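Encoded as structure tokens, the structure appears first; notes follow it.
The values are calculated or read from the model by the stated rules, or taken from the named source; none is laboratory data. Source: prediction; values computed, not measured. For neighbour counting, all protein chains shown are included, and Cβ atoms are generated from backbone atoms with ideal geometry for every residue, glycine included. Just so you know, the surface numbers come from the protein's heavy atoms only, side chains and all, with ligands and any DNA or RNA stripped out. Shrake-Rupley method; radii C 1.70, N 1.55, O 1.52, S 1.80 Å.
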Amino acid sequence: MSKNVVILVGAPGAGKGTQAVRLSQALELPHISTGDLFRANLAGGTALGDRARSFMDQGELVPDELVLEMLFDRVAQEDCQKGYLLDGFPRTIAQAEALEARLGDLVPTVVDIQVPDSDIEQRIVGRRMCKECGAIFHLTFNAPAAEGTCDTCSGALYQRKDDTKEVVRTRLEEYHSKTAPLIAFYTERGGVSEVDGRQQPDLVFEACLASIQGPIQGSGHGVSI
Ligand code: ADP
Ligand code: AMP
């Protein structure tokens with residue numbers, strides 16, 4: 001059975017979660033977000049959530065050993081046997097090496113959703129999430145029909161504690177120093193597709209899908225490097 005592992009890389013707020021929901025449906029792969037897994041642990045009051053909390057609140061990466069155990073437990077589950085779509089993992093070279101050791105000969109498909117730092121603060125500060133279903137909104141770019149209420153399930157919307165102007169600076173520093181080096185890491189292996197994340201979400205989706213399934217000639221989307 002061939003296995004398909006897709007990795008979405010990109011700065012915080014680049015649109016990974018927004019795209020992962022649609023890509024997961026289109027590719028029929030489970031969407032695994034380590035940020036969502038940590039938030040579920042926080043909400044559930046687990047020991048892991050307690051250990052991750054201060055790092056997350058300050059915008060720092062959670063130590064690799066905590067992330068790896070949680071992620072490998074998740075991908076060992078039955079629904080991941082045909083593959084999975086990773087959103088927010090790996091975020092360090094050590095995480096990428098651990099994943100590589102686990103995948104063996106399987107080379108993941110890597111898509112880098114690119115958004116300049118100058119756009120990130122507005123994306124992050126305006127983000128609102130549904131408490132019930134996790135749907136992602138933006139006060140300006142993807143506003144819910146009724147203020148504070150999820151379009152999908154009518155759940156209450158909230159602002160993540162780390163989605164502030166102050167914390168976003170640390171998150172971007174962490175991204176550039178620890179996560180961006182993954183681009184060179186994966187370029188040396190299977191390659192990385194670059195997608196312009198400043199486009200409308202529908203266009204970003206098409207470009208991501210094209211680069212995962214193989215670029216359509218002349219489409220201009222999903223350039224493989
Ligand atoms: P990430 O998972 O990479 O942190 P999200 O998918 O949560 O990013 O998106 C961050 C914010 O930007 C959300 O409020 C989302 O609604 C908004 N957003 C996502 N994609 C776009 C886009 N292409 N254009 C404008 N805003 C977007
Ligand atoms: P995200 O939802 O992807 O924006 O992640 C929110 C926070 O969870 C990050 O700022 C980190 O503190 C933590 N986190 C999520 N995924 C990882 C990871 N792969 N490695 C380290 N920390 C992570």
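The helix-only estimate of mean residue ellipticity at 222 nm for the chain, built from DSSP H runs of length n ≥ 4 each weighted as -39500 (n - 2.57), is -13000 deg cm²/dmol after division by the residue total.
Charges were assigned to the Cβ only: +1 to each Lys and Arg, -1 to each Asp and Glu. The resulting dipole of the stretch 64-178 about its Cα centre is roughly 380 debye. Taken per residue, the accessible surface of the chain reaches 50 Å², heavy atoms only and a 1.4 Å probe. For T109, nonlocal amide neighbours, meaning residues 5 or more places apart or on other chains whose placed amide H falls under 5 Å from its own, are V5, V6, I7. Ordered by 1.4 Å accessible area with all protein chains kept, S118, S177 run largest first as S118, S177.
The charge dipole of the stretch 2-59, taken about the Cα centre with unit charges on the Cβ atoms of Lys, Arg (+1) and Asp, Glu (-1), comes to about 80 debye, rounded to the nearest 20. Take the cross-link list K3/K161; K16/K82; K82/K178; K131/K165 and give me the ones stretching past 27 Å between alpha-carbons. Check vs 27 Å cut-off fails for K3/K161; K82/K178. Beta-bridge orientation, the chain: approximately 35 percent antiparallel, per DSSP, counting only bridges with both partners inside. Share of carbon and sulfur in the accessible area of the chain stands at 49%, probe radius 1.4 Å.
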